[in-house]
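Notes follow the structure.
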Amino acid sequence: TQFVREMNETHRDKARVLIDTVRRKGDDASSEMIHFLCELDHRFSEHLGLM
């Protein structure tokens, strides 16, 4: 439905903004975010190739 599409776009936009913000902060911030993602969701991190 249209509502589901709009919700998915909103989540995608928020994720994109977060990642862009962290990347602008540099390598240390990016490494910290990767470490946090690996702790938070092991399977997702493996799927992304972070581990």
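Details
- Selection from GLY26, ASN8, LEU37 lying farthest towards where the dipole of the chain points positive, charges on Cβ: ASN8
- Computed extension gain for LYS14 through MET51, at 0.36 nm per residue and net of the alpha carbon distance, reaches 11.0 nm.
- Entry note, the chain: the mean residue ellipticity at 222 nm calculated from DSSP H runs of n ≥ 4, each adding -39500 (n - 2.57), is -29000 deg cm²/dmol after division by the residues and rounding to the nearest 500.
- Mean projected area in nm² (Cα convex hull; one quarter of hull surface) for the chain: 4.1 nm²
Read the figures in this text as sums done on the coordinates, not as results from a lab. Because the structure is a prediction, the values reported are computed rather than measured. Don't worry about glycine lacking a Cβ; one is built from the backbone with ideal geometry, like all the others, and counts go over all protein chains shown.
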